[in-house]
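**Q** Let me give you the structure first, and then I'll get to my questions.
The values are calculated or read from the model by the stated rules, or taken from the named source; none is laboratory data. All values derive from a computational prediction rather than experimental measurement. Glycine also receives a Cβ, built like all others from the backbone with ideal geometry; neighbour counts cover every protein chain displayed.
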Amino acid sequence: MSCHAYAGAPDTCALCPSLVTSRRQVVPSYGAHPARVLFIGEAPGYWGADRTGIPFHGDKSGKRLQKMLRLTGLSQGFHATTGEPLLVGCAVTNAVRCFPAKPGFPMRGRTPSKMELATCDPHLDADMAYWKPQVLVPIGAHALSACLNRYLPGDSRSITQLHALPVPIPQKQPSIMLPMRHPSRGSDSEFTTWVAAMQSLLESFNYGN
């Protein structure tokens, strides 16, 4: 199963002027199709995806996420030549495709604005249609908020409350969320709990059969 990018957002997108000036590139989703699991982050990081062009790749957060994916069987590590992640039955994306720099600090990120999230929302729709995930993994508080607003409006639970907790999505595809603390913030014990929850969830879906 080969990995590839899906360019749900054109690489010349100029709808958000502040992001056009802060980004290096538009970062598309990336994974192995079909992807039963779709990981959704907030936005590309300056030292990671904004540099490499692959979500959660090239920085400390990406390395930590890859370690967890290998433990769940969703990754086989990195390509020996290109260094690209070798994902298995999953894909990664972001709620916003461009790096949002903090004003006055071009290498420091900020939380995307509501307008930026709304502008990128159709590209997230395209990701859902293309990858066809059964399981959605919001990574971090802001990605969780975006996913709850999309699938469970009115649900205001936090990432602290929902980390590693399966959250059913009634009559929808994907059918369940398994939120995760951001790899830059959570503890080793929290991620051990998340890995066990994901392994159990994949078994319930008869993953790999």
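**Q** When both residues are 6+ apart or on different chains and their Cβ atoms are under 7 Å apart, which pairs have a first residue that lies in the range 3-16 and is under 24 Å from Lys132 (Cα atoms) and in a loop (DSSP other than H, G, I, E, B), and a second that is at pLDDT 75 or above and among the small types (Gly, Ala, Ser)?
**A** The qualifying pairs are Gly8/Ser29; Gly8/Ala126.
**Q** Okay, next question. Within the range 80-123, track down each residue that is among the aliphatic types (A, V, I, L, M), without any contact (Cβ under 8 Å) to a residue 12 or more places away in the chain and either in contact with a Ser or Thr (Cβ under 6 Å, 6 or more places away or on another chain) or assigned to a loop (DSSP other than H, G, I, E, B) (or both). Break it down into steps so the answer makes sense when it comes.
**A** As a first pass, look at the range 80-123 and keep what is among the aliphatic types (A, V, I, L, M): 80, 86-88, 91-92, 95-96, 101, 107, 115, 117-118.
Add one more test, that the residue is without any contact (Cβ under 8 Å) to a residue 12 or more places away in the chain, and what stays is 80, 118.
Once the filter is applied, which keeps residues that are among the aliphatic types (A, V, I, L, M), without any contact (Cβ under 8 Å) to a residue 12 or more places away in the chain and either in contact with a Ser or Thr (Cβ under 6 Å, 6 or more places away or on another chain) or assigned to a loop (DSSP other than H, G, I, E, B) (or both), the range 80-123 yields only Ala80.
**Q** Determine if the range 37-59 includes at least one residue that is at positive phi, part of a loop (DSSP other than H, G, I, E, B) and aromatic (Phe, Trp, Tyr). Show your work before the answer.
**A** Step one: filter the range 37-59 for residues at positive phi, giving 53, 56, 58.
From what is left, the residues that are part of a loop (DSSP other than H, G, I, E, B) are 53, 56, 58.
Within this subset, residues satisfying the condition of being aromatic (Phe, Trp, Tyr) are 56.
Yes, some residue in the range 37-59 is at positive phi, part of a loop (DSSP other than H, G, I, E, B) and aromatic (Phe, Trp, Tyr).
**Q** Specify the residue that is surrounded by the fewest Cβ atoms within 10 Å (Cβ to Cβ); the eligible residues are those in the range 139-185 that are hydroxyl-bearing (Ser, Thr, Tyr) and assigned to a loop (DSSP other than H, G, I, E, B).
**A** Applying the first criterion (hydroxyl-bearing (Ser, Thr, Tyr)) to the range 139-185 yields 145, 151, 156, 158, 160, 175, 184.
Next, from what is left, pick out any that are assigned to a loop (DSSP other than H, G, I, E, B): 156, 158, 175, 184.
Working: Ser156: 10, Ser158: 12, Ser175: 14, Ser184: 14.
Here the answer is Ser156.
**Q** Continuing with this model, one more query. Just one of (1) closer than 16 Å to Tyr130 by Cβ; (2) surrounded by 19 or more Cβ atoms within 10 Å (Cβ to Cβ) trips up Pro34, so point out which.
**A** Pro34 satisfies every listed condition except (2).
**Q** What tally of residues in the range 122-157 results from selecting those that are on the phi < 0 side of the Ramachandran plot and in contact with a helix residue (DSSP H, G or I) (Cβ under 7 Å, 6 or more places away or on another chain)?
**A** First pass over the range 122-157, keeping only residues on the phi < 0 side of the Ramachandran plot: 122-131, 133-139, 141-153, 155-157.
From the residues that got through so far, the ones that are in contact with a helix residue (DSSP H, G or I) (Cβ under 7 Å, 6 or more places away or on another chain) too are 135-136, 138, 141, 144, 146, 155.
Of the residues in the range 122-157, 7 are on the phi < 0 side of the Ramachandran plot and in contact with a helix residue (DSSP H, G or I) (Cβ under 7 Å, 6 or more places away or on another chain).
**Q** Now a separate question. Say whether the condition of being of a type in the set (Gly, Ala, Ser) and surrounded by 13 or more Cβ atoms within 10 Å (Cβ to Cβ) is met by at least one residue in the range 80-87.
**A** no
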